[in-house]
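**Student:** Have a look at the structure that comes next, please.
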Amino acid sequence: MAPEKLKHLIAATLVITFLYYSLHLYLSLPVKGIPVANGVQKGKKVWQQNNCTACHQIYGLGGYLGPDLTNSYTLRGPAYIKAFLQTGTEVMPNFHLNEQEIDALLAYLQNIDASGKADPRTFTINTNGTIEQ
Ligand code: HEC
């Protein structure tokens, strides 16, 4: 085969393989549908209004002054989080949230806890490059 033709054949094979693999990855995204309750939406709003993300990460994204809160619901438990929010500490401000706002935040953190993990050491990397938690 002429070298020019061979080049085209290799390029075409690579492009087709790339397209096939991209489509395959796109169609098999490991997205899990988790139903979102009303309180969770409200909790997200409280989270955003008080800019908790300035100091805290969720799924590893956010500020680094405070700890990642993705799995704080199981790691610390609702009673601990509630007490923490009601009092604040020397480094974490007390936001003077009311009972409903704290309950909504707890629902939000519980939902996040159920939807993923923050610690990359617990992740499994598959041979096709995707990650499982
Ligand atoms: C100014 C930065 C800042 C903001 C804003 C902030 N936090 Fe914190 N938070 C911290 C720091 C720092 C700690 C660790 C404090 C400590 O251990 O004394 C902390 C700790 C916590 C903890 C305990 C985590 C653990 O594992 O011990 C929870 C829960 C928490 N924050 C929730 C929130 C929520 C919800 C908001 C928004 C309403 C918020 N934080 C906003 C700085 C902040």
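**Student:** Give me the compactness ratio for the range 74-121, meaning the Cα radius of gyration over 2.2 N^0.38 Å.
**Tutor:** 1.25
**Student:** About the Cα centre of the chain, how large is the charge dipole given +1 on each Lys and Arg Cβ and -1 on each Asp and Glu Cβ? Please answer in debye to the nearest 20.
**Tutor:** Roughly 360 debye, rounded to the nearest 20.
**Student:** Sequence neighbours fewer than 8 away in the same chain don't count; with that in mind, list the aspartates and glutamates whose C-alpha is under 15 Å from LYS42.
**Tutor:** Correct list for LYS42: GLU99, GLU101, ASP103.
**Student:** Considering the chain as a Gaussian network with a 10 Å cut-off on Cα pairs, which listed residue, SER72, SER115, SER22, attains the greatest mean-square fluctuation?
**Tutor:** Highest fluctuation among the options: SER22.
**Student:** Separate question: On the first, second and third principal axes, largest extent first, how far apart are the outermost C-alpha atoms of the range 38-122 in Å?
**Tutor:** Taking max minus min along each principal axis of the Cα atoms, the range 38-122 gives 36, 31, 22 Å.
**Student:** Additional query: Over all directions, what mean area does the Cα convex hull of the range 29-83 project, stated in square nanometres? Kindly include the intermediate steps, with their values, before the conclusion.
**Tutor:** On the way: hull surface 19.4 nm².
The number I arrive at for the range 29-83 is 4.9 nm².
**Student:** Another question about this same structure. For a quick check of your reading of the filter: which GluC sites (Glu not before Pro) in the range 1-107 sit in a DSSP loop and have no more than 12 other Cβ atoms within 10 Å? Intermediate values should be presented prior to the final figure.
**Tutor:** Numbers: sites: GLU4, GLU90, GLU99, GLU101; in loops: GLU90.
Within the range 1-107, the qualifying GluC sites (Glu not before Pro) (loop, at most 12 other Cβ atoms within 10 Å) are GLU90.
No lab work stands behind these numbers, since they all come straight from the coordinates. Bear in mind the structure is a predicted one, so any value in this text is a computation, not a measurement. When we count neighbours, we look across all protein chains shown, and the Cβ atoms used for this are built from the backbone with ideal geometry, even at glycine.
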